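Only one structure is covered here, and it is reproduced in the block below.
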Amino acid sequence: MRAARSDLPLSLDDVSLIVGATTILDRVNLTIGPGAPTLILGPNGSGKTSLLRLCMGLASPSRGAVSWGGRTDGGPESRAILFQKPVMLRRSAAANVAYGLAQAGCPRGLRARRTEELLDRVGLLALALRPARRLSGGEQQRLALARALARQPEILLLDEPTASLDPAATRFVEEIVRAAAHSGTKIVMASHDLGQVRRLAGEVVFLVRGRVVEHASASDFLDRPSTPQAAAFVRGDLVL
Amino acid sequence: MSETVSAWQLIASGDATLFAIVRLSLAVSLTAVAIAMVVGLPLGAILALTRFPGRSAVVVILNGFMGLPPVVVGLTVYLLLSRSGPLGELGLLFTPTAMVIAQALLVLPIIAALTRQTVEDLWHEYREELTAMGVGPTGQVATLLWDSRFSLVTALLAGFGRAAAEVGTVMIVGGNIDGFTRTMTTAIALETSKGNLPLAMGLGLILIVLILLINATAWGVRAWSEQRAG
Amino acid sequence: MPTRRTFSSLVMLLMLCGGTPALAQDQAIVVASTTSTQDSGLFDHILPVFEAKTGIDVKVVAQGTGQALDTGRRGDADVVFVHAKAQEEKFVEEGFATERFDVMYNDFVLVGPKSDPAGISGTKDIAAALIEIRTREAPFVSRGDKSGTHSAEIRLWKEAGLDIGTAKGQWYREIGQGMGAALNTASAMNAYVLSDRATWLSFRNRGDLGIVVEGDKRLFNQYGIMLVNPEKHPNVKAEAGQLFIEWLISPEGQASIGEYKIGGQQLFFPNAEQERS
C-alpha cells in the first residue's frame, strides 16, 4: 500500500560508507527524482550494491545522510529491493508472492486474486504451485520481482537482476521492469551493461571506486560523456 | 505375566496391559515433546535473532543442557512435586502429568538448542530480504521457523527419541505404578529386575520398533511435503 | 490451580483418546512398598480382590524399604508397606505414623553358586556360613541400598560377630540396587547373595544359583504396614488407606496372601493379629 507521503526525491547528501579501512562510497551527493529509470552504472566493485542498500535504508552511512522525500527516518513501506541473488522462501511460488502481499498489508481476502495477477504479470502463473527454490534462475528473478511489486513500491531498487541470465530471460525481466516504470514506479537499477542503459535508462549515475563520476541523462552519457572514465566505459575499454 | 509368556505372544494375543503401557509411553512422550516444542521453538528462534550481553553463555548452557542427566531432572522434579516440596499442593507426584513435566524439561533444551542453530543459519540467509520487506520481530520468528520446518522435524524427533527411550526421570517421578505410570522403559527395567530377561528384551524390541515407526512416518511426511514446498 | 488442570487435562485427553478409563482420583491411594512384594507378583494377586471389593484403586510404588519410608515421610504415599521392623518403629516414633501392623512374613535365603566356593551348602547356621564366606573371601553381592533386605544382611553380619564396615574387601560388592538387580549381578559373577524367598522364587534368571542356606530362625522376615499420619500430611487419604490396611489384616486379606503360590510354593505367610478389630 503506497504511503500517503512520497519517498521521492531520494537524496544522498555527502554520503560516505567506510567499512574497516576500506572506503566503499566516497562523498556521494545524489538526488533521484521521479521519472524514467535511473541506472547505476559502473564496474564491479565500484560500490553499486552498497549504494542501493543505503537507498533502501538497509545500511546507514558512515558520514552524511540519506533522505526520502526530505525525511531521514522513513521506513521501507514504499520501497522495495531486488537483490542480485534473491532469497526464495521455502514455499511455493504463489506463497512467496502472498508473503510479500501480507507484509505490505494487503488484506487476506484480496491476496489470492492479487497473487494471481502478479504471477501473471511476470509470466509465472503456470508455475504458481512449484516450490520456489526449484525454479530456474530467470524464473526466480521474476518471482522476486513479483514479490517486490506486491509491495506496490514507489521506488523499486534492483541490483543487477539480469547479471546471470541468458538473453531471453534478460528480456523477460527487462519487460517487467519497463512495465513497472510505465505504471509509475521509480526504477533505480544497478547494471554494468551498456546495452541495458540503451534499452531502459532515463538517466545514468556512473560510479567508479565509490565516487559518482557522472550523473547525466542516458543520451548525454552515451553520446557525450563528460569524463575520461565515462568515455572509456562507453567505448568498451576497461575502467579500473 | 506367567512363566512362558514372551513379548511376541503378548503382541499376538493383543494383551491389554501391553497396549495400555505402549499407549501411556506414547502419550507421555508425545505430550512432553509437544509442550517442549511450543516453548522450545520460539525460545530457540528468539535466541537466534537477538543479541544481548551474556548471550554466548546462554547458548553454551543450552547446548550443554542437551545432555542433562535424566536422573537429575527426575530428582529435581521429584523434589519440586513432592508433598514436602514447593509444588506439593498440586499432588502431581506419581502421576503421568509429573512424567510429562519431567520429560518436557529433559527435551526442551534439545529442541531449543537445535532450533537456535537451525534458525540462526537460516537467519544469515534471510536477514536482508526480511528486513527489506519490513518484517517485524514476530514475523521474522514465524517465517524462519516455518521455513526451517523440515530441519526442525529432526530436532523434534531427537527430542522424542530422548523422551521415549529414557527411564531415569519417569521411574523417579512416575513411580512405575502398574496400570497408571508404567511405561515401556520402566516395564523393561522391572522385568529385568525380575530376571525375566527374554520378556524385557522383547519389550525393548517393541519399543525400538515403535520409535523406528514414528521416525519413518516423520521422514515420509517430510519427504512428501518437501517435494511440494521445496 | 490452572497449571495442574492444564497439564492434567492435556495428559488425560491423550490417554482418553486411547480409551483408558478415567481414574477416580479420590478413590485411589498410593502405597509405597518394597521391590520384593512387587517383583514377586504378590500385588498382582491380591490387589484385584481388594479393588473389586471396595472400588479403591491401589497404586503401588515399589522402592527399597529405606526409600519407601522416605516417600512416606515426605507425604508422597498414603500407606507404607515394608519389611524392616526397626526402621518402621522409628517411623512411628517420629510421628509419621500412629500405628504399625504386622501383616505377613517369609524368610530370607542365602543364595549362592552350585560350585559353592565357601563350602557352606546345606548348613542351617547363617552366622557360620557368613563367617566362612568372609574367611574364604568368596564373592558376595550386597544390596547396599538401605532396603529391608540390606538391613537384615547388616544385622546378620553383626550376629556373626563381624563388622562388615571394616571386614569388607574386594569380595564384598555393594551394588546399591534392588533385589532383582542384585540377583542378576550375583548370577553373572557367581556370587553369594541374601534374598527374600519370594523374590528368589519368582526370579527367572538364576543361572547357576541355588539356595545354599535356609531355615535359620535369624532369617525370619517380617512385613509391616502403616498409614502415614494425616496430622503430618493432611493430603493423606486416611480413610481409604485405613480401609486397605484393615482389609489386608482381615481374615479375607490374610487368606488372599496365603493363597499366593509360585510353582506350588507359598511365598508369604500371613501373621496379622486377629484378635484386634
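The values are calculated or read from the model by the stated rules, or taken from the named source; none is laboratory data. Please read all numbers here as calculations on a predicted model, not as lab measurements. Note that we place each Cβ from the backbone using ideal geometry, even for glycine, and neighbour counts take in every protein chain shown. Ligands, DNA and RNA are stripped out before the accessible areas are found, and what is left, the full protein with its side chains, is counted by its heavy atoms. Shrake-Rupley method; radii C 1.70, N 1.55, O 1.52, S 1.80 Å.
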Subject >> Among residues of segment C:72-109, those that are of a type outside the set (Asp, Glu), in contact with a Leu (Cβ under 9 Å, 6 or more places away or on another chain) and open to solvent by less than 40 Å² (accessible area, probe 1.4 Å), counted >> reply: 14
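Okay, residues lined up against (1) open to solvent by 10 Å² or more (accessible area, probe 1.4 Å); (2) within 14 Å of chain C (Cβ to nearest Cβ); (3) assigned to a loop (DSSP other than H, G, I, E, B):
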| position | (1), (2), (3) |
| --- | --- |
| B:64 | yes, no, no |
| B:67 | yes, no, yes |
| B:108 | yes, no, no |
| B:115 | no, no, no |
| B:131 | yes, no, no |
| B:138 | yes, no, no |
| B:144 | no, no, no |
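Within segment B:119-129, can you find the residues that are without any contact (Cβ under 8 Å) to a residue 60 or more places away in the chain and either touching a Leu at 6+ places or on another chain (Cβ under 8 Å) or within 11 Å of chain C (Cβ to nearest Cβ) (or both)?
B:122, B:126, B:128, listed by residue number.
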Subject >> Residue match in segment B:83-104 (condition: open to solvent by 30 Å² or more (accessible area, probe 1.4 Å), in a helix (DSSP H, G or I), without any contact (Cβ under 8 Å) to a residue 60 or more places away in the chain and within 20 Å of residue C:70 (Cβ to Cβ)) >> reply: yes
**OP:** Check whether at least one residue in segment B:178-194 is farther than 30 Å from residue C:186 by Cβ and not in a helix (DSSP H, G or I), and report yes or no.
**Re:** yes
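Residues checked against (1) open to solvent by less than 60 Å² (accessible area, probe 1.4 Å); (2) away from chain B (no Cβ under 14 Å); (3) under 23 Å from the mean Cα position of the chain (by Cα):
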residue	(1), (2), (3)
C:136	no, yes, no
C:140	yes, yes, yes
C:147	yes, no, yes
C:157	yes, yes, yes
C:160	yes, yes, no
C:166	no, yes, no
C:172	yes, yes, yes
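Just checking, does segment B:209-223 include any residue being within 14 Å of chain A (Cβ to nearest Cβ) and either out of contact with any Pro (no Cβ under 9 Å at 6 or more places or on another chain) or on the phi < 0 side of the Ramachandran plot (or both)?
Checked against the condition, which is being within 14 Å of chain A (Cβ to nearest Cβ) and either out of contact with any Pro (no Cβ under 9 Å at 6 or more places or on another chain) or on the phi < 0 side of the Ramachandran plot (or both), segment B:209-223 yields at least one hit.
Taking the criterion of being of a type in the set (A, V, I, L, M), touching a residue at least 24 places away in the same chain (Cβ under 8 Å) and at the interface with chain B (Cβ under 9 Å from one of its Cβ atoms), would at least one residue in segment A:112-125 satisfy it? Please lay out each step first, then the result.
The initial filter retains those residues of segment A:112-125 that are of a type in the set (A, V, I, L, M), namely A:112, A:118-119, A:122, A:124-125.
When the remaining residues are screened for being touching a residue at least 24 places away in the same chain (Cβ under 8 Å), the result is A:118-119, A:122, A:124.
Checking the rest, the ones that are also at the interface with chain B (Cβ under 9 Å from one of its Cβ atoms) come to none.
No.
Do you know which residues across segment A:65-79 are of a type outside the set (Lys, Arg) and more than 7 Å from every other protein chain (Cβ to nearest Cβ)? Walk me through how you get there before you give the answer.
Pass one, segment A:65-79, residues of a type outside the set (Lys, Arg): A:65-70, A:72-78.
Once the filter is applied, which keeps residues that are of a type outside the set (Lys, Arg) and more than 7 Å from every other protein chain (Cβ to nearest Cβ), segment A:65-79 yields A:65, A:66, A:67, A:68, A:69, A:70, A:72, A:73, A:74, A:78.
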Subject >> Those helices (runs of 4 or more DSSP H) lying entirely in segment A:84-175 with at least 3 residues under 15 Å from the mean Cα position of the chain (by Cα) >> reply: A:137-149
Original post:
Which members of segment B:47-63 meet the condition of being free of Cβ contacts under 8 Å to residues at least 40 places away in the same chain and either of a type outside the set (Lys, Arg) or touching a helix residue (DSSP H, G or I) at 6+ places or on another chain (Cβ under 6 Å) (or both)?
Top reply: B:50, B:52, B:53, B:54, B:56, B:57, B:58, B:60, B:61
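Select from segment B:30-44 the residues that are at the interface with chain C (Cβ under 10 Å from one of its Cβ atoms) and either among the small types (Gly, Ala, Ser) or at positive phi (or both) and write down the one among them that is most open to solvent (accessible area, probe 1.4 Å). Reasoning before the result, please.
First, the residues of segment B:30-44 that are at the interface with chain C (Cβ under 10 Å from one of its Cβ atoms): B:30-32, B:34-35.
Narrowing the set further to residues that are either among the small types (Gly, Ala, Ser) or at positive phi (or both) leaves B:32, B:34.
Values: B:32: 0, B:34: 43 Å².
The selected residue is B:34.
Out of the residues in segment A:51-64 meeting the condition of being more than 9 Å from chain B (Cβ to nearest Cβ) and part of a loop (DSSP other than H, G, I, E, B), tell me which one is nearest to residue A:157 (Cα to Cα). Talk me through it step by step, then tell me what you get.
First, the residues of segment A:51-64 that are more than 9 Å from chain B (Cβ to nearest Cβ): A:51-52, A:54-55, A:59-64.
Right, trim to part of a loop (DSSP other than H, G, I, E, B) and you get A:59-62.
Values: A:59: 14, A:60: 16, A:61: 18, A:62: 21 Å.
Only one residue tops the list, namely A:59.
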